[in-house]
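The values are calculated or read from the model by the stated rules, or taken from the named source; none is laboratory data. Computed from a predicted structure; not experimentally measured. In this analysis, Cβ positions are derived from the backbone assuming ideal geometry, glycine residues included, and neighbour counts consider all displayed protein chains. The protein model used for the area step is the full one, side chains on, heavy atoms only, and it has no ligands, DNA or RNA in it. Shrake-Rupley method; radii C 1.70, N 1.55, O 1.52, S 1.80 Å.
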Amino acid sequence: MSYYKIADLEQYFKHYKKSVREPRKFWGKIAEENFIWYQAWDKVFEFDMGKGDIKWFLNGKLNITKNCIDRHLSKRGEKTAIIFEPNNPSEEPQHISYNELYTRVSKTANVLKSLGVKKGDRVCIYLPMIPELAVTMLACARIGAIHSVIFAGFSDAAIRSRVEDCGAKVIVTSDGGFRGEKTIKTKEVVDKAIEGLTSVEKVLVVKRTNEPVSFNNKIDVWFDELYEAAEASNIAEIMDSEEPLFILYTSGSTGKPKGMVHSTAGYMIQTAYTFQNVFDYKEGDIFWCTADLGWITGHSYILYGALLNGATTVIFEGIPTYPNPSRYWDIIDKYQVTHFYTAPTAIRSLMTNDYSYVASHNLTSLRVLGSVGEPINEEAWHWFNDFIGKKRCPIVDTWWQTETGSIMISPLACITPTKPTYATLPLPGIQTVLMDEKNNEILGNQVMGSLCVKFPWPSIARTIWGDHERFVKTYFSDFPGTYFTGDNALRDEVGYYRITGRADDVVIVSGHNLGTAPIEDAINHHPAVAESAVVGFPHDIKGNALYGFISLKKEGSTRDRDNLKKEINQLIADHYGPIGKLDKIQFVDDLPKTRSGKILRRVLRSIALNQLDNFGDTSTMINPEVVSSIIENRL
Ligand code: 6R9
């Protein structure tokens, strides 16, 4: 019996039970039958949750790129691994076959080696969404260097703190990048970021825009020149299962970003397994995830999960509105995309455009739709389902985190009956539980609590780079014996999970614990509303009251504001209950967001509290310009 592919709902329940009762057998069999190893492991796992000490496939030896590339060459050498769609639709796209990918990764690996990069060294990658970004990540993995990708929209300060934290000696960047009508000056930002930093030995510069850049011959090197001269094959480094594959920074509510460290084998096995099952992947499918590679979703599903299954994956350099708001639909139509995996914030923004942009395209190739990053509100879910999937395509609302490495709670496409706003059921191997404040597991259904996981899974992050104590404190201390996700959730009458928001977003109004997601969900039903964020502020009588920051669609912006406020509160009363009505409503141009499209509620909370001097870590904010006008107009 193989456990790699789940055939139907009955089998899902069987596999789930097996994974709980016999986790060694379950994961051991998956690892053995579907991957290539230099040497088998001698123990499937070993852990001590209290110490945040977790190991999988102990003493196994492997290289993830052998599994992503080399093993496909005999059967799928000429198959397209990566479709690259440039920002400018008139620029020629690239179809990179598995053979070609092998050559590019080998050459790039040899380039890195020629710069002195060795196994265990950290390499920061600050590149736009071009094939070289994916190739460099794989090249690092090939030689056992630990990649740390920094999203190309980040500031010099964000790069500097990450480079310093992980002690990278090489940074890979480009002369620039294209994003819509703008060009981004990646090299200039890196120059500023590393001013006076002595640890950085080399900056490797890929040519993309061909615009002139300042060049310091002591540390800057052109990628092209070394690449041309590099050998076209490379013997992969032998890695231990537990050796780190990459570091990826995620913001904490306080303090500096956390460098989450992922290991090689566990991450490989679970990203492959979840890609296969959550998306019902079939040979010949064209998978498009719109995330940036600089985010965990890009790491796990644009790159590793897809290639591990020998899939064709799309890398898109541009933005949804360039050259016009039909760009996403153009791409789906042009490449006959079967899987479209995006974020609620993108869906909400696409919804505000005239429907003719969608209607003029043929979207019949689509088979599965996916959502990730935030709770998806009901209105967005229905729009996605009705107008993009045409009620034919299951929507997989995938809940997971940078820390979890792969999808944890999600419908299985074509298997699990979906329910709007519900991430539904935990995947095999994922023992989710809800906990109360007294650290008791809340049993049964129709309950709410803090979402925790009571048994480790292969792709869980192993530590925070350089700060294991913070790792233990953040994830393993609030609810001893479990991993704490930081999210709250409810479990409905059939055991489906709905994520109700971050635990720190809960507001207690007149003694009621209110999750902000369902209230925002009610607000977003209003036809004039584009997006909303709800936070709490102190109130003499209720203890706390609710403050809503709301952005309007273009056609809503001329509406009478007082009427709008009344209608919004009425919607909340109807859909959620009068307890969720807002005391303050501020209309804003846009909400502050992170690079991955998450609303920075923390910043809004500080504004609502009138605490304007400390917004915590805002290095991940992508639109800081909106904050000053929100502050000016605060209520
Ligand atoms: C993959 C990713 C993790 C946090 C997570 C939760 C929120 C992600 C969600 C979701 C509701 C979903 N989140 N997916 N909330 N429904 N389907 O987003 O990783 O950037 O680390 O964020 O995002 O709050 O805890 P990351």
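Sort out which residues of the range 72-106 are under 21 Å from A230 (Cβ atoms) and either open to solvent by 30 Å² or more (accessible area, probe 1.4 Å) or among the aliphatic types (A, V, I, L, M) (or both), and write them in order of number.
So in the range 72-106, the residues under 21 Å from A230 (Cβ atoms) come out as 73, 77, 81-82, 84, 94, 96-106.
Answer for the range 72-106, where residues must be under 21 Å from A230 (Cβ atoms) and either open to solvent by 30 Å² or more (accessible area, probe 1.4 Å) or among the aliphatic types (A, V, I, L, M) (or both): L73, A81, I82, Q94, I96, N99, E100, L101, Y102, T103, R104, V105.
Going through G466, G429 one at a time, which residue ends up being open to solvent by less than 30 Å² (accessible area, probe 1.4 Å) and at positive phi? Walk me through how you get there before you give the answer.
Values: G466 fails: open to solvent by less than 30 Å² (accessible area, probe 1.4 Å).
From the options G466, G429, the qualifying one is G429.
For the range 346-378, enumerate the residues that are within 16 Å of the ligand (Cβ to nearest atom) and among the hydrophobic types (A, V, I, L, M, F, W, C). I'd like the intermediate steps shown before the answer.
To start, the set of residues in the range 346-378 that are within 16 Å of the ligand (Cβ to nearest atom) comprises 346-348, 368-378.
A346, I347, V368, L369, V372, I376 - these are the residues of the range 346-378 that are within 16 Å of the ligand (Cβ to nearest atom) and among the hydrophobic types (A, V, I, L, M, F, W, C).
Might you check whether a residue that is open to solvent by 10 Å² or more (accessible area, probe 1.4 Å), farther than 28 Å from S251 by Cβ, in contact with a helix residue (DSSP H, G or I) (Cβ under 8 Å, 6 or more places away or on another chain) and charged (D, E, K, R) occurs anywhere in the range 384-398?
Yes, some residue in the range 384-398 is open to solvent by 10 Å² or more (accessible area, probe 1.4 Å), farther than 28 Å from S251 by Cβ, in contact with a helix residue (DSSP H, G or I) (Cβ under 8 Å, 6 or more places away or on another chain) and charged (D, E, K, R).
Residue by residue through the range 152-175, note down the ones that are touching a Leu at 6+ places or on another chain (Cβ under 8 Å) and either in a helix (DSSP H, G or I) or open to solvent by 30 Å² or more (accessible area, probe 1.4 Å) (or both).
Of the range 152-175, the ones touching a Leu at 6+ places or on another chain (Cβ under 8 Å) are 152, 160, 163-164, 170-174.
Within the range 152-175, R160, V163, E164 meet the criteria.
Of the residues that make up the range 437-448, is at least one surrounded by 16 or more Cβ atoms within 10 Å (Cβ to Cβ) and more than 16 Å from the ligand (Cβ to nearest atom)? Even if it seems obvious, please write down each step before you answer.
Applying the first criterion (surrounded by 16 or more Cβ atoms within 10 Å (Cβ to Cβ)) to the range 437-448 yields 448.
Next, only the ones that are more than 16 Å from the ligand (Cβ to nearest atom) stay: none.
Checked against the condition, which is being surrounded by 16 or more Cβ atoms within 10 Å (Cβ to Cβ) and more than 16 Å from the ligand (Cβ to nearest atom), the range 437-448 yields no hits at all.
Tell me, please, whether a residue that is near the ligand (Cβ under 10 Å from one of its atoms), part of a helix (DSSP H, G or I) and closer than 27 Å to T250 by Cβ can be found in the range 338-345.
To start, the set of residues in the range 338-345 that are near the ligand (Cβ under 10 Å from one of its atoms) comprises 343-344.
Imposing the further condition that a residue be part of a helix (DSSP H, G or I) reduces the set to 344.
Those left that are additionally closer than 27 Å to T250 by Cβ: 344.
Yes, the conditions are met somewhere in the range 338-345.
Quickly run through the range 202-219 and pick out the residues that are open to solvent by less than 90 Å² (accessible area, probe 1.4 Å) and either part of a loop (DSSP other than H, G, I, E, B) or in contact with an Asp or Glu (Cβ under 7 Å, 6 or more places away or on another chain) (or both).
Narrowing the range 202-219 to residues open to solvent by less than 90 Å² (accessible area, probe 1.4 Å): 202-209, 211, 213-216, 219.
Selection gives V203, V205, V206, K207, R208, T209, E211, V213, S214, F215, N216, I219.
Taking the range 598-615, which residues are assigned to a loop (DSSP other than H, G, I, E, B), surrounded by fewer than 22 Cβ atoms within 10 Å (Cβ to Cβ) and within 16 Å of the ligand (Cβ to nearest atom)? Break it down into steps so the answer makes sense when it comes.
Filtering the range 598-615 for residues assigned to a loop (DSSP other than H, G, I, E, B) gives 598, 600, 609-615.
From what's left, surrounded by fewer than 22 Cβ atoms within 10 Å (Cβ to Cβ): 598, 609-615.
Once the filter is applied, which keeps residues that are assigned to a loop (DSSP other than H, G, I, E, B), surrounded by fewer than 22 Cβ atoms within 10 Å (Cβ to Cβ) and within 16 Å of the ligand (Cβ to nearest atom), the range 598-615 yields only K598.
Of the conditions (1) in contact (Cβ under 8 Å) with a residue 60 or more places away in the chain; (2) within 15 Å of the ligand (Cβ to nearest atom), R470 fails just one. Which one is it?
(2)
Looking only at the range 617-626, decide whether some residue is away from the ligand (no atom under 16 Å from the Cβ), over 25 Å from the mean Cα position of the chain (by Cα) and over 25 Å from V372 (Cα atoms). Give the derivation first.
Here is the first cut: in the range 617-626, the ones away from the ligand (no atom under 16 Å from the Cβ) are 623-626.
Of the ones still in play, those that are also over 25 Å from the mean Cα position of the chain (by Cα) are none.
Among the residues of the range 617-626, not one is away from the ligand (no atom under 16 Å from the Cβ), over 25 Å from the mean Cα position of the chain (by Cα) and over 25 Å from V372 (Cα atoms), which makes the answer no.
Which residue pairs have Cβ atoms closer than 8 Å, lie 6 or more positions apart in sequence or on different chains, and pair a first residue in the range 371-397 that is at positive phi and of a type outside the set (S, T, N, Q) with a second residue that is within 16 Å of the ligand (Cβ to nearest atom) and part of a helix (DSSP H, G or I)?
Short answer, once both residue conditions are applied: G373/T297; G373/P344; G373/T345; K391/N385.
Taking the residues in the range 292-311 that are open to solvent by 10 Å² or more (accessible area, probe 1.4 Å) and not hydrophobic (A, V, I, L, M, F, W, C) as candidates, determine which candidate is farthest from the ligand (Cβ to nearest atom).
Within the range 292-311, the subset open to solvent by 10 Å² or more (accessible area, probe 1.4 Å) is 292, 295, 309.
The next check asks that each one be not hydrophobic (A, V, I, L, M, F, W, C); those that pass are 292, 309.
On the way: D292: 11, N309: 19 Å.
Looking at the filtered set, the residue picked out is N309.
Would you confirm, using the coordinates I've provided, whether R104 is touching a helix residue (DSSP H, G or I) at 6+ places or on another chain (Cβ under 7 Å), in a helix (DSSP H, G or I) and more than 24 Å from I235 (Cα to Cα)?
Working: touching a helix residue (DSSP H, G or I) at 6+ places or on another chain (Cβ under 7 Å): yes; in a helix (DSSP H, G or I): yes; more than 24 Å from I235 (Cα to Cα): no.
The answer is no for R104.
For R634, state whether it is out of contact with any Leu (no Cβ under 6 Å at 6 or more places or on another chain), closer than 19 Å to G536 by Cα and not hydrophobic (A, V, I, L, M, F, W, C).
Values: out of contact with any Leu (no Cβ under 6 Å at 6 or more places or on another chain): yes; closer than 19 Å to G536 by Cα: yes; not hydrophobic (A, V, I, L, M, F, W, C): yes.
Judged against the criteria, R634 is a match.
If we scan the range 553-562, do we find a residue that is open to solvent by less than 10 Å² (accessible area, probe 1.4 Å) and away from the ligand (no atom under 16 Å from the Cβ)?
Applying the first criterion (open to solvent by less than 10 Å² (accessible area, probe 1.4 Å)) to the range 553-562 yields 556.
Among the residues that remain, those that are also away from the ligand (no atom under 16 Å from the Cβ) are: 556.
Scanning the range 553-562 turns up at least one residue that is open to solvent by less than 10 Å² (accessible area, probe 1.4 Å) and away from the ligand (no atom under 16 Å from the Cβ).
Taking the stated definitions as given, is K66 at pLDDT 95 or above, part of a strand (DSSP E or B), out of contact with any helix residue (DSSP H, G or I) (no Cβ under 7 Å at 6 or more places or on another chain) and open to solvent by 50 Å² or more (accessible area, probe 1.4 Å)? It would help to see each step written out before you state the result.
Details: at pLDDT 95 or above: yes; part of a strand (DSSP E or B): no; out of contact with any helix residue (DSSP H, G or I) (no Cβ under 7 Å at 6 or more places or on another chain): yes; open to solvent by 50 Å² or more (accessible area, probe 1.4 Å): yes.
Judged against the criteria, K66 is not a match.
Please pick out the residue among P592, P578 that is within 16 Å of the ligand (Cβ to nearest atom) and without any contact (Cβ under 8 Å) to a residue 60 or more places away in the chain. Explain how you work it out, then say what you get.
Working: P578 fails: within 16 Å of the ligand (Cβ to nearest atom).
After applying the criteria, what remains is P592.
Can you tell me which of (1) touching a helix residue (DSSP H, G or I) at 6+ places or on another chain (Cβ under 9 Å); (2) within 13 Å of the ligand (Cβ to nearest atom) is the one I409 doesn't meet?
(1)
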